[in-house]
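**Student:** Please read through the structure below; I'll follow up with questions.
What follows draws every value from the coordinates through simple rules; no lab data is involved. Nothing here was measured: the structure is a model prediction, and the numbers come from that model. Don't worry about glycine lacking a Cβ; one is built from the backbone with ideal geometry, like all the others, and counts go over all protein chains shown.
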Amino acid sequence: MTKKERFLSAVRGGTPDLVPLAPLVHSRFAHKILGRSDWKAVFEVHQQIGSIHFRGPIRVSVKASLPEGWAQEERLLEQRRSRKVREHTITTPKGKLSSRTVEGMIPEDPLTGTRVDHWVKKPEDWKVYQSYWEQWLAHAGEPMVDQAASAWEWMGEEGVASVGIPAAFGLLGDARGMQDLLLDLCDYPELLKDVVGTLTRVVEKEIEAFLVSPSEVAWYDICWATGANMSPTFFQTWVVPEIRRAAELVRGKPNKYIGLYTLGRIRNLLPILVDAQPHFIETFEPNQGDISLREAKQRYGREVCLMGNYDCVTLARGTLEDARRETLRCLDEGMAGGGYVLVTGDEVPADAKMDNLKMMVETAEKHGRY
């Protein structure tokens, strides 16, 4: 089987000839190795390691030509060596919103960044934010899938040119900041339901773009939600409807697959997530999570493909023997019966050791055969 065939077989719940190995190499590690952070750089790093490309900076989008008075813009406010401060603005006839991001604050890991000032600073700003996206929906046009199509063709059978799609709840968190968002959800539920409805339709446009692209796999990023330690009831109210809708849209198309990218403590959420019928769930963090890969496999392995659980810290701080031992642990807990992809518990850190990543491949190829 080719690398892609193995991966897709596991996603379908099947048993390939070998456990697919897809550490979550992303822009930061690619930049550290090659000095570049584009999807081709991420793919090239996987080629050096011997693993399969699965996650990277590949997106689809939708063209929207907004009328005068509506805009989203960005400008560089400050640059000092690798540190950059950017201002982002949303302009509407109802008002103007701004936010700021900072990146490059760690010279040896210059792609690290964070939003330090959010679009929505008070509850009244939600209506301005929503009005922008309503206008965007009114003028949304043709899907733009050139990047995904180029990656799909370039990788061939050596990689999965998967598309990342941000969940509506993640857009809410990015707009407000998680702490203030959770308070707003409690204090202004009717207002937020309207905003969630708008953003869910925005995300559906990206899903529709994925469906007309050649990419077979989309990963739906709900880590903002799973990392917020919500109760299952709260999660059911604010997150599950959009997950169900996303899975429904994708499952209706042949040879298209969607999975959920999660972080944090998901034990109590897993029955809900599985019931929403994604094709796969990742990443089962070994340190921040609260359920072992073994338990998750025993409970849900027949219903959904599981991905993840390899300790990222081992790649940066561990020895070759540590890397080998961690690979064997994941294989022991996850590979039985198929439906498992050996993935890191989160993004491969920028200071990971290439030799440790290669040890993952070497060990999986020796001990991960069915």
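**Student:** Work through the residues other than GLN288 whose Cβ is under 14 Å from its Cβ and net out their charges, Lys, Arg +1 and Asp, Glu -1.
**Tutor:** On the way: positive: ARG265, ARG267; negative: GLU282, GLU285, ASP290, ASP311, ASP346, GLU347.
Every neighbour counted, the sum reads -4.
**Student:** Quote the charge dipole size of the chain about the Cα centre in Debye, to the nearest 20; the model charges only the Cβ of Lys and Arg (+1) and of Asp and Glu (-1). Can you show the working numbers first?
**Tutor:** Values: 47 positive and 52 negative charges, 34 e Å.
Here the chain has a charge dipole of around 160 debye.
**Student:** Can you list residues whose amide H is under 5 Å from ASP117's amide H, if they're 5+ apart or on another chain and H is modeled 1.01 Å from N?
**Tutor:** ARG100
**Student:** Follow-up. Considering only DSSP beta bridges with both partners in the stretch 1-135, what is the antiparallel share in %, to the nearest 5? If you can, show how the numbers build up before the last one.
**Tutor:** Values: 22 of 22 bridges.
Counting DSSP beta bridges with both partners in the stretch 1-135, the antiparallel share is about 100 percent.
**Student:** Pop out the ³J(HN,Hα) list for the stretch 89-96 in order, Karplus 6.51 cos²θ - 1.76 cosθ + 1.60 with θ = phi - 60°, rounded to Hz; leave Gly and Pro as x.
**Tutor:** 10, 10, 10, 9, x, 8, x, 10
**Student:** What is the helix-to-structure angle for 178-187, meaning the angle in degrees between its Cα long axis and the longest Cα principal axis of the chain, kept from 0 to 90 and rounded to the nearest 10?
**Tutor:** Roughly 60 degrees, rounded to the nearest 10.
**Student:** If neighbour count is taken as other Cβ atoms inside 10 Å, put LEU331, LEU191 in order from fewest to most. Kindly include the intermediate steps, with their values, before the conclusion.
**Tutor:** On the way: LEU331 22, LEU191 16.
So the residues, fewest neighbours to most, are LEU191, LEU331.
**Student:** May I ask which residue of ILE90, GLY264, LEU137 lies farthest towards the positive end of the charge dipole of the chain, with charges of +1 (Lys, Arg) and -1 (Asp, Glu) on Cβ and the Cα centre as origin?
**Tutor:** GLY264
**Student:** Sticking with this structure for a sec: Roughly what % of DSSP beta bridges within the chain run antiparallel, to the nearest 5? If you can, show how the numbers build up before the last one.
**Tutor:** Working: 26 of 47 bridges.
For the chain, the DSSP antiparallel bridge percentage is about 55.
**Student:** Using the Cα centre of the stretch 66-120 as the reference point, and only Cβ charges (+1 on K/R, -1 on D/E), how large is the resulting charge dipole? Debye, rounded to the nearest 20.
**Tutor:** 140
**Student:** Taking the dipole about the Cα centre of the chain, with the C-beta of Lys and Arg at +1 and of Asp and Glu at -1, give me whichever of LEU18, ALA148, PRO107 is farthest to the positive side.
**Tutor:** LEU18
**Student:** Tell me which residues come under 5 Å, amide H to amide H, from ILE258 once H is placed; ignore anything under 5 positions away on its chain.
**Tutor:** ALA218, HIS279, PHE280
**Student:** What does the charge add up to near HIS26, with Lys and Arg as +1, Asp and Glu as -1, over the other residues with Cβ less than 9 Å from its Cβ? Walk me through the intermediate numbers first.
**Tutor:** Details: positive: ARG28, ARG55; negative: GLU347.
Residues close to HIS26 contribute a combined charge of +1.
**Student:** State the extension gain, in nm to one decimal, for the chain segment bounded by ARG267 and LEU320, taking 0.36 nm per residue of separation less the distance between their alpha-carbons. Numbers along the way, then the final one.
**Tutor:** Working: separation 53, 0.36 × 53 = 19.08 nm, distance 3.08 nm.
This chain segment gains 16.0 nm when fully extended.
**Student:** Moving on to the next point. So what are the ³J(HN,Hα) numbers for the stretch 307-317, from phi and the Karplus equation (6.51, -1.76, 1.60; θ = phi - 60°), rounded to whole Hz, Gly and Pro as x?
**Tutor:** Taking θ as phi minus 60°, the curve returns 9, x, 5, 6, 6, 4, 4, 4, 5, 8, 10 Hz for the stretch 307-317.
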